[in-house]
Each structure stands twice: as structure tokens, then as C-alpha cells.
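Peer 1: Have a look at this one.
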Amino acid sequence: MNTIVSCDTCGQVQQVDPVPRGFIARCARCEFQLFRHRPNSRRRTLAFSLAALILYFPSNIYPVVTAEYHGMHSETTVFEGIKSLYLHQQFFIGTLVLFTSILTPALKIMGLLMITLTLDWEKFRKARTWVYKIIHIIDPWNMLEVFLLAITVSMIEMGRIATVRPGTGVFSFAAVVVLTLLATLSFDSRLLWESARQKLRHE
């Protein structure tokens, strides 16, 4: 069965034949990639999302930075950093960090889990579509990579005046960054509306 799609780059509306395994569909006008068959899409997305969910908790509970300065030892978690921003009346920055490093990653992970776990339930098709749209809306605000880079830069800068080491949580935090990215790249959006028989080809 042919599919009518619109190219995200040039907007060309075109009819695309079913994409066999190992092939890629490209736009007839600009040759941008429309979509390609992603084998084991559901299983890989579910595995990456579950792993990200497991590591999400230690990444926020354990310290991301430990510092020693003139004999004083301190450990900072993501939550403590946000709390410190609020205590210093940096409400906008504190809210931005809370939203981009705590809330949106959690919503994205839970959304991907909800989609992959309910693919066989036809009554959740509309809900899955809305969840997928919400993920696309919040995805630009999911700034885990930027937050991780900020931690790295602060460690380098503070290293000039103090002994700064990465905490236990920073490794979990980095793993969450990679796993959420892999989960997003692994998911084939066509699974949202394909029939159960067609989904078997992607799983």
C-alpha cells in the first residue's frame, strides 16, 4: 500500500511505495531522506528507554560534581544546584534548568515507553499520536547535552582554584543523554499507524 508523505525540507507532497528492508525513501524534488526501514525499532526503543529510565534516578540523586577548596569538601547534585539558584533569587535560570534537565527528559522517556508498550492496543492509537506530538514539542527544550557541557566547562574553570572531580551522578547523567538520543533515533514513527501485521516487520 502506497503512502502519501510531505517532505520536511521542501514540502513536496508525494506518494511513496512501501520501503523494503535495507532501503531508504528519498524526496523526488530535493532528495532529502523521507524515511527508511528501521529493523527491531520497537524493541530497541523500548530497551534504550528502559535503560534511560533506570539511570535517570541516580543521575539526579548522586552528586555530579565534587570539589575541595582549602580543606572544605562539597558535593553538588542537580537538585541542589537548582535549589541554590532559587536561594540566590535566580528564578528564571532555576526554572529553566529544572524544566530542561529534570522535567522534559522524564516526560520524553515516559512518552517513549508509553508509545512502545501500547503499540498493540488499537484503542490507544490516538493517545499515542498525541504523546508523539508532545515529544516533538518538548524535544527542543530537552537540553541534557547542554547541561552536561556546562558541567564539564565549570569543572575545567573551577579546577584552576580548587580540586574538582566528576561525581557519581555525572556518569549516569551522560548515559541518560546517550540513551535518550538512541531511543529517539531508533523509533520508527510509522509504527504509530501501521497495522499489527505490518508492525511485525519492524520488530
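The values are calculated or read from the model by the stated rules, or taken from the named source; none is laboratory data. Being a predicted model, the structure only gives us computed values, none of them experimental. Surface areas here come from the heavy atoms of the whole protein model, side chains and all, with no ligands, DNA or RNA. Shrake-Rupley method; radii C 1.70, N 1.55, O 1.52, S 1.80 Å.
Conditions (1) part of a helix (DSSP H, G or I); (2) modelled with pLDDT of 85 or more; (3) open to solvent by 60 Å² or more (accessible area, probe 1.4 Å), marked per residue:
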residue: 107; (1), (2), (3): yes, yes, yes
residue: 113; (1), (2), (3): yes, yes, no
residue: 116; (1), (2), (3): yes, yes, no
residue: 132; (1), (2), (3): yes, yes, no
residue: 146; (1), (2), (3): yes, no, yes
residue: 151; (1), (2), (3): yes, no, no
residue: 178; (1), (2), (3): yes, yes, yes
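Peer 1: To continue, here is another question. Part of a helix (DSSP H, G or I), charged (D, E, K, R) and at pLDDT below 85: which single residue out of 197, 165, 160 fits that description? Before the answer, list the steps.
Peer 2: Working: 165 fails: part of a helix (DSSP H, G or I); 160 fails: part of a helix (DSSP H, G or I).
None of the other options fit; the residue is 197.
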